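Working notes, beginning with the structure itself.
The values are calculated or read from the model by the stated rules, or taken from the named source; none is laboratory data. All values derive from a computational prediction rather than experimental measurement. Every residue, glycine among them, receives a Cβ derived from its backbone with ideal geometry; neighbour counts consider all protein chains shown.
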Amino acid sequence: MRAFLVVSHTAPLSGDFSLSDLPGGAGRLDVLCRCATEAFLVSHGIRKDVRLFFSIQGRLSIELAGENLRHLNPDERSTAALLRRALSRAQALTPGERAQSTPGIWVSWESLAGLLARLQGGGYQPVLLEEDGRWLRGAPLPDQPLFILSDHQDFTPSELELLAPFPKISLGPRALHGHQCITLVHNELDLREAGWIAG
């Protein structure tokens, strides 16, 4: 099982936004939609062995699980509709309560620190995707990696302090978009699993 955690600084905390203005009125929700597409969709199918977590403004978490996920399509608008439904579902939840909004998507009010603690307790081993880390090719990776990346904004100082204990992995000398990072990580792990390259 491989997993990704995208830290979102500007996505909304409620579903009160238009699907026609994802980059503006929806707080760059388009960034998260592209991450979801790259995390799960392959040609004529979906990756079942993947989990994707969004930590939104350090207050709310959304989890997408490939083995249960339904209705995920390549277009950003339909993905945004799924996320909007999750955000709307969250409004009726109390802190610590977790609910499924659509098949394969869960939402809860949870801090980034709380989410990391829960995932580590479940066996995930965090790896921070940062430009100054060790190059991914040939780097040792845990059996159940959780790749952590930021949205279109840099990690805040407090986030970096929280993430400091985790090993850093770099995807190359150029800064990339989050969804591109997910694609490259998938490709590396696919190559390793197929025996085309050594880990």
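Where in segment 1-111 are there strands (runs of 3 or more DSSP E), lying fully within it, with 1 or more residues that are aliphatic (A, V, I, L, M) and buried (at least 18 other Cβ atoms within 10 Å of the Cβ)?
Values: elements: 2-8, 50-56, 60-65, 98-102, 105-109.
Fully inside segment 1-111 and qualifying: 2-8, 50-56, 60-65, 105-109.
Report, ordered by the first and then the second residue, all pairs with beta carbons closer than 8 Å, sequence separation of six or more or different chains, a first member in segment 181-199 that is closer than 14 Å to PHE40 by Cα, and a second member that is among the acidic types (Asp, Glu).
These pairs meet every condition: ILE182/GLU38; THR183/GLU38; HIS186/GLU38.
Is it true that LEU141 is surrounded by 14 or more Cβ atoms within 10 Å (Cβ to Cβ), touching a Phe, Trp or Tyr at 6+ places or on another chain (Cβ under 6 Å) and in contact (Cβ under 8 Å) with a residue 24 or more places away in the chain?
Here the answer is no, as LEU141 does not meet what is asked.
Please go through segment 15-67 and give me each residue that is modelled with pLDDT of 95 or more and among the polar types (S, T, N, Q), ordered by number.
Scanning segment 15-67 gives THR37, SER55, GLN57, SER61.
All but one of (1) surrounded by 15 or more Cβ atoms within 10 Å (Cβ to Cβ); (2) within 14 Å of the chain's Cα centre (by Cα) hold for HIS152; which doesn't?
(1)
Look at ALA99 and say whether it is over 15 Å from PHE53 (Cβ atoms) and in contact (Cβ under 8 Å) with a residue 12 or more places away in the chain. Please lay out each step first, then the result.
On the way: over 15 Å from PHE53 (Cβ atoms): yes; in contact (Cβ under 8 Å) with a residue 12 or more places away in the chain: no.
Here the answer is no, as ALA99 does not meet what is asked.
One residue is enough: does segment 61-69 have a residue meeting the conditions free of Cβ contacts under 8 Å to residues at least 12 places away in the same chain and not charged (D, E, K, R)?
Scanning segment 61-69 turns up no residue that is free of Cβ contacts under 8 Å to residues at least 12 places away in the same chain and not charged (D, E, K, R).
Going by the conditions given, is GLU188 assigned to a helix (DSSP H, G or I) and either on the phi > 0 side of the Ramachandran plot or loosely packed, with under 11 Cβ neighbours inside 10 Å (or both)? Give the derivation first.
Values: assigned to a helix (DSSP H, G or I): yes; either on the phi > 0 side of the Ramachandran plot or loosely packed, with under 11 Cβ neighbours inside 10 Å (or both): no.
Considered against the rule, which asks whether it is assigned to a helix (DSSP H, G or I) and either on the phi > 0 side of the Ramachandran plot or loosely packed, with under 11 Cβ neighbours inside 10 Å (or both), GLU188 comes out as no.
If you check every pair at least six apart or on different chains, which have Cβ atoms under 6 Å apart with a residue in segment 1-30 that is among the acidic types (Asp, Glu) first and a residue that is buried (at least 16 other Cβ atoms within 10 Å of the Cβ) second?
Pairs that qualify, where the first residue is among the acidic types (Asp, Glu) and the partner is buried (at least 16 other Cβ atoms within 10 Å of the Cβ), are ASP30/LEU22; ASP30/GLU76.
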